[in-house]
Structure formats: C-alpha cells, structure tokens
Amino acid sequence: MSRVPAAKRRRLSPPDSEGSASPPPQASNSGFLASAAKWDLEQDYEQRPRKLKKQKEVARLPVRTTEGWTQPVPEPQREKEDSEEEDAEALSGDEGGHQEDVQVEQAEEKPRISPKQQVIEAKEEIARIAALVNEDPEEHIGALKTLASLAASENTTVRKLALAAQVAIFKDLIPGYRIRPLSEEGMNEKVSKDVRKLRNFEQKLVSSYQVYVQELGKLAKSTGSASAAGVATVAISCACSLLLAVPHFNFRGELLKILVGKLSTRRVDADFNKCRETLEKLFESDEDGNPSLEAVTMLTKMMKGKNYQFDESVLNTFLHLRLLSEFGLKASYNSVDKPADDQYMGKKIKQKREFRTKKQRKLMKENKAIEKEMKEADATVGHEERDRMQAETLKMVFVAYFRILKARSPRLMGAVLEGLARYAHLINQDFFGDILEALRDIISTAEVSAAAEELEGDEEDEDDDDDEAPVRNLTRESLLCVITAFALLQGQDGATAASALKLDLSFFITHLYRTLHAVSLNPDIELGVNSLHLPDPNSPQAHTPASNKVNVQTTIVLLIRSLTSVLLPSIAIRAVPPVRVAAFCKQLMTIALHLPEKSCIAMLGLLTKVSKIHGRKVDALWNTEERRGDGVFDALKPEIEGSNPFTATVWEGEILRKHFCPKVREAVSGLEKTVLEAR
C-alpha cells in the first residue's frame with residue numbers, strides 16, 4: 001500500500017495588538033500571499049463541525065427485486081426549528097403583539113363582495129355544478145357537497161337558489177327504485193368493477209339526499225324574521241315537489257313529517273294550502289297504496305295529538321283517496337270483511353280441476369317462479385298487496401272519523417258526516433250500528449242545545465260572551481246526520497241491513513219533520529261559506545275568516561238532500577207509508593210560501609218528483625172531494641202520524657200561482673198537472 005502523506009497544518013497569522021480581525025496592511029501583503037500558498041484548505045473544511053440530517057433506523061426487511069435484494073432507503077427526519085429563533089420570538093412580546101394586530105387588520109381588510117355579486121357568483125357556481133353532475137353523475141357525485149355548502153350561505157337569496165337547484169338535480173339523479181343501505185359485509189363483498197362503481201354512486205346519492213331532507217325539515221320549522229320565513233316557504237315547496245316526484249324513494253316519511261307538521265297548525269296560509277294540495281295529489285296518483293297508508297297514519301296520529309283542534313280541510317283530504325272508488329270490500333275501524341266465496345245452498349261450490357300432466361305441472365311451477373322474480377325486479381305491486389294496503393288505510397280513516405264523532409268537535413262535525421256519507425258503501429254492518437248510535441246522540445244533543453238557547457235568549461239577551469269559540473251550526477249538523485244515516489242504509493243494501501240489524505230510522509225522519517218550519521224561516525238558507533254577504537257585526541263569527549272547505553253546500557241544498565233520502569229512497573226500501581208522504585207534502589207546500597225564489601223553485605221541483613212516484617198516495621190533498629180522514633190537521637204535531645194530514649187540503653198552490661216570479665208559477669202548474677196525471 002502506498003504511504004499517505006501527513007496532513008499539513010495551516011499557519012495562522014498572529015493577531016493584532018487590538019485583537020481585531022482586520023486585513024493586514026499593504027506593506028505585509030506579499031508575505032501574507034506567500035504564506036497562504038502553503039495552507040491546506042480542503043483539510044480545514046473537512047475538520048469543521050457540521051449539522052447532518054438525522055436518519056431513521058431502517059426497521060424494514062430487504063426487498064427482492066429483479067436486480068437482487070435491495071435494502072430500503074432510510075427517510076430523513078425533518079430538522080427542528082432553531083431554538084434561538086424561538087426564544088427570540090417568545091421574548092419579543094411587543095413585536096409579536098404587533099404582528100397579531102397586523103394579521104387582524106389584514107383579515108378585516110379582505111375585499112367585501114356585495115350581495116348582488118354573491119348571487120351572481122352563486123348562480124354561476126350552481127350552473128357549473130349542475131352541468132358537471134348532468135354530464136357524468138357517477139364521476140361528479142361529490143359535487144353535491146359543494147352545493148350543500150352553498151345552501152348554508154348567509155345570503156338568503158343564495159340559500160333559496162341552492163335549495164331549489166338541489167331539488168332539480170335530485171329529480172334527475174334518483175332512480176325508479178328504492179336504494180337499500182349496504183352493510184359492512186355488502187361493502188366488502190367481491191363484485192365487478194362496474195357494480196362497485198354503481199354501489200358507491202348509490203350510497204353517496206342516498207347520503208347526500210338524507211342530509212338534504214334533514215336540512216329541509218330544519219328550515220321548514222324556522223320562524224321569526226322575514227328572511228327565515230322566506231327560506232321556510234322555499235323548504236316546504238321543495239319538500240312538496242320531491243314528495244310528488246319521487247314518492248317511492250328513501251326518506252319519504254321525513255318528507256311527510258314536514259307536510260303533516262305544517263298541516264297541524266291552525267293558521268291557514270299559502271304554505272298550508274300547498275301542503276294540503278300536495279297530499280290530495282299524492283292520494284289521487286298513488287297506485288300501490290303504501291304512500292297513502294303512511295300519510296293517513298301520520299295524519300291520524302297528528303289529529304289525536306292535537307286533540308282534534310285543526311282545520312277541517314285537512315280531514316277532507318281523505319275524500320281524495322283512490323280506495324273510495326277502487327276498493328270493493330267493507331270495513332270498520334278494527335276489521336275488514338273477507339271476500340265471500342261462491343256458495344250454493346250454504347255450501348261452497350267445488351270448482352272443476354283441469355287435468356295436467358306431470359311435465360305440465362312442473363313447467364307451470366317454473367313459470368310461476370320466473371314471474372315472481374320478474375315482478376320483484378320490476379318493483380310492481382300486485383292487486384293482493386294493493387288491497388291489503390287500501391284495507392289498512394280504510395281502517396285508519398274510520399278510526400279518525402269515529403274518534404271525532406265521539407269527541408264532538410264542533411269544527412269538524414260537518415266534514416266527518418260528509419265523509420261518512422261518501423264512505424257509506426265501504427262500511428260493514430258492525431260499524432254501521434255504532435255510527436247510527438253516534439248520529440242519534442248528536443241530534444239529541446242538538447235538540448237539547450236548541451231548547452236551552454231559546455230559554456236563555458228569552459231571559460238574558462245581554463249576557464253573551466264574545467270571547468268564546470264560534471257557535472256550532474246545529475241545524476246544519478242535524479241535516480247532515482239525516483243525510484248520512486240514509487246514505488249508510490242505502491250503501492248497506494238497506495232491506496237486508498234493516499232486517500238483519502233491526503234498524504229503525506224513524507228517529508231521523510221525525511226530527512227532520514220537526515225542523516221544517518224552523519229551517520224555512522232561516523234568512524241565510526241560501527247563503528254558503530263563500531257567499532258574498534255582509535256578516536252580522538255583533539256576531540263573534542264576523543271577524544273569523546272562512547277556511548277552504550269541501551262541504552260548502554248551502555242549507556237549502558242539505559234540506560233537499562235529506563228530503564230526497566226520506567221521500568225518494570232507493571228501490572230496495574221504497575215502501576214509504578202514505579201518511580208520511582202526505583204529511584211531508586203538506587208541510588213542504590206550506591214552507592214554500594216562506595222560502596226565497598230559488599229555494600221555492602227547488603222545493604216545488606222535489607214535490608213534482610214525489611208526485612210522479614207517489615201520486616196515488618197524495619192526490620187526495622189536491623182534491624177536496626176525496627178526503628179520507630176525519631178531524632183537523634195539526635201542523636205543529638211532533639209526530640208524523642198524529643198530524644192527520646189527509647184531513648187537510650193543499651191551498652198554498654193558489655197563492656203560489658200569483659207569485660211574482662214566473663218560474664215559480666210555472667213550477668206550481670207543472671206540479672198540479674203531474675198530480676192529475678197520476679190519478
């Protein structure tokens with residue numbers, strides 16, 4: 001080995017007397033340069049201390065590659081900050097405080113964007129996001145989070161735009177089936193690349209949609225300032241739009257909660273009407289019955305929770321259910337009748353069995369399995385499932401109606417009675433008796449209340465309390481009870497139901513006969529809820545706005561409907577006693593003298609129809625020579641049979657012939673002509 005020469009030591013120049021490091025004077029420059037040529041600078045640089053980057057100890061094993069075994073390269077550690085600089089910053093408190101003030105000033109001096117410019121930029125951003133999602137939904141599904149952040153902006157206009165834009169985007173993205181949440185095992189399941197991509201897209205879509213629906217629920221409840229109320233209106237409108245567009249998708253119950261929560265308030269405004277109309281459209285367009293069942297269940301719970309203190313238009317939404325015209329079975333509030341099998345002489349008819357070979361039976365079994373799978377894949381609902389859903393919905397409707405009947409809610413009695421009359425053909429005989437009993441109680445209570453009001457009115461006219469709730473219209477409720485009772489009987493195949501249950505509707509007929517004179521003297525007999533007339537300024541109902549009602553029929557219309565049910569029943573129960581027909585005809589001719597022009601014409605038209613059917617039973621009233629009874633006619637007798645109608649004569653026709661209205665005179669002439677033809 002060659003010998004390494006010894007390292008040369010550098011000669012240092014002697015320091016000056018003052019210890020300064022100033023360069024030598026010009027006189028010694030030649031000697032300094034001569035000595036500097038002998039310095040070993042490389043060795044001096046090598047011996048200087050330096051700071052090296054610390055490296056971590058390699059704890060990984062060597063890796064085998066194509067070139068052989070390779071040791072992993074150690075990763076250098078980050079250098080720590082200089083401690084002297086940290087101490088200097090910590091000690092210089094004034095300087096640090098000054099820097100903080102500068103940062104605050106910089107934060108305050110950020111450029112402020114005007115609200116108008118914020119709206120313009122938000123529109124551009126929303127348009128960009130919508131274009132990306134529309135172009136490739138699976139690739140840009142994460143952009144929905146950016147859109148959700150825009151919906152949390154402090155600018156009210158930007159929030160409204162973002163909420164409305166999300167509705168349009170979700171309508172386009174939501175598929176025609178319900179997405180089920182995947183478990184951990186399902187997420188870790190080995191599937192193809194396309195399936196995994198689709199699953200990730202569906203799960204992100206559902207999560208984003210859930211966050212959006214929850215945000216709508218929070219915003220719909222916000223009240224206070226005008227901006228919060230405006231955002232709440234937009235949120236309710238978005239919820240209504242989504243419920244109608246995608247009722248089959250996830251979180252339908254959350255959307256229904258928003259609508260039902262708004263309908264539970266007593267205040268009727270534009271948002272209230274929007275929610276009510278949305279439910280009506282949902283009921284009319286529901287084909288499988290599941291959304292209707294869920295909505296009716298939530299409405300029934302809300303009604304009970306509010307102690308039946310809500311607007312009656314909510315209850316009238318039940319009249320838009322498709323089961324009213326599609327469902328064929330009868331039900332009550334706790335059971336549904338099963339379809340009757342074909343029977344002969346009390347025995348079930350044995351159907352003929354078609355002969356099939358073993359191969360045909362096997363092929364039929366396979367076809368049934370394939371059809372079942374196809375139905376599940378198409379998400380179609382069979383008629384059995386739809387009937388089951390509609391049966392449960394019908395039971396919930398009857399539960400609501402019967403509870404309100406028992407609660408005697410004054411604001412809802414008209415809507416309940418009208419609803420029961422519409423659902424009469426779907427009520428079974430078990431529920432029929434309970435309803436008739438409740439209707440009798442309502443009429444009895446109305447009669448007692450009317451008598452008490454007359455006594456109080458005669459004794460104390462000045463002790464009225466103006467702060468009480470609006471007084472119930474007892475006459476209207478009584479007429480609705482009569483109409484409902486006869487509608488139920490006609491829907492139950494009256495002759496069979498009356499013989500099986502031993503039902504007697506004479507109570508309702510007698511009550512109607514007693515109230516004819518009182519109803520005819522009502523000055524508002526032709527005025528409805530939406531009629532243009534000046535209210536009584538001293539009445540407590542003068543300042544209460546009329547709500548949007550389905551039951552808007554006037555009193556004269558209800559009276560004619562009830563009289564038609566009594567005097568012109570269905571074919572199955574047409575056996576009306578002559579005494580009843582004669583008593584009603586005499587009373588109706590009397591009250592026609594007190595009725596207004598249009599009501600008088602309608603009443604004479606009803607009497608013409610009665611004379612066509614029961615002409616031979618009542619012709620004696622128009623012919624004095626054919627009187628069949630003895631005694632005197634008592635028009636104020638409470639019982640129909642005790643009024644002795646055949647001893648009277650219809651003299652009111654002579655007065656009506658001189659009526660000022662030519663149509664009334666024509667109606668009287670037509671009535672008398674019909675009576676003469678019926679003899």
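The values are calculated or read from the model by the stated rules, or taken from the named source; none is laboratory data. Computed from a predicted model, the values in this text were never measured in an experiment. Please note: Cβ atoms are built from the backbone with ideal geometry, for glycine as well, and neighbour counts cover all protein chains shown.
Residues that are modelled with pLDDT of 85 or more and hydroxyl-bearing (Ser, Thr, Tyr) were ranked within the stretch 586-628; the one that is surrounded by the most Cβ atoms within 10 Å (Cβ to Cβ) is Ser611. For the subset of the stretch 488-524 comprising residues that are at pLDDT 85 or above and of a type in the set (A, V, I, L, M), which member is surrounded by the most Cβ atoms within 10 Å (Cβ to Cβ)? Of everything passing the filter in the stretch 488-524, Leu512 is surrounded by the most Cβ atoms within 10 Å (Cβ to Cβ). Condition (residue is in a helix (DSSP H, G or I), closer than 25 Å to Lys406 by Cβ and more than 11 Å from the chain's Cα centre (by Cα)) applied to the stretch 237-259: is it met by at least one residue? No, the stretch 237-259 has no match at all. Across the stretch 284-326, the number of residues qualifying as part of a helix (DSSP H, G or I), of a type in the set (A, V, I, L, M, F, W, C) and in contact (Cβ under 8 Å) with a residue 60 or more places away in the chain comes to 9. Inspect the stretch 184-196 for any residue being in contact (Cβ under 8 Å) with a residue 12 or more places away in the chain, over 25 Å from Gly253 (Cα atoms), not small (Gly, Ala, Ser) and not in a helix (DSSP H, G or I) and give the result as yes or no. No; the residues of the stretch 184-196 include none that is in contact (Cβ under 8 Å) with a residue 12 or more places away in the chain, over 25 Å from Gly253 (Cα atoms), not small (Gly, Ala, Ser) and not in a helix (DSSP H, G or I).
Within the stretch 283-293, does at least one residue satisfy the condition of being closer than 24 Å to Gln390 by Cβ and under 9 Å from the mean Cα position of the chain (by Cα)? No, that holds for no residue.
Out of all the residues in the stretch 316-339, which are of a type in the set (Phe, Trp, Tyr) and at pLDDT 75 or above? Scanning the stretch 316-339 gives Phe318, Phe327.
Quick one: is Glu376 acidic (Asp, Glu), modelled with pLDDT of 85 or more and farther than 18 Å from Val314 by Cα? No, not satisfied. When every residue of the stretch 365-372 is checked against the conditions, none turns out to be under 29 Å from the mean Cα position of the chain (by Cα) and at negative phi.
For Thr300, state whether it is at pLDDT 90 or above, among the polar types (S, T, N, Q), surrounded by fewer than 22 Cβ atoms within 10 Å (Cβ to Cβ) and out of contact with any His (no Cβ under 9 Å at 6 or more places or on another chain). Taking the combined requirement at face value, the residue satisfies it. Quick one: in the stretch 422-447, of everything that is outside any helix (DSSP H, G or I) and touching a Lys or Arg at 6+ places or on another chain (Cβ under 9 Å), which residue is surrounded by the fewest Cβ atoms within 10 Å (Cβ to Cβ)? Checking each candidate, the answer is Asn428. Close Cβ contacts (under 9 Å, 6 or more residues apart or on different chains) running from residues in the stretch 645-673 that are β-branched (Val, Ile, Thr) and surrounded by fewer than 14 Cβ atoms within 10 Å (Cβ to Cβ) to residues that are assigned to a loop (DSSP other than H, G, I, E, B) and modelled with pLDDT of 90 or more comprise Ile655/Leu593. Against the list (1) over 33 Å from the mean Cα position of the chain (by Cα); (2) outside any helix (DSSP H, G or I), the condition Pro137 fails is (1).
From the list Val206, Val268, Val195, Val211, the lone residue that is modelled with pLDDT under 85 and hydrophobic (A, V, I, L, M, F, W, C) is Val195.
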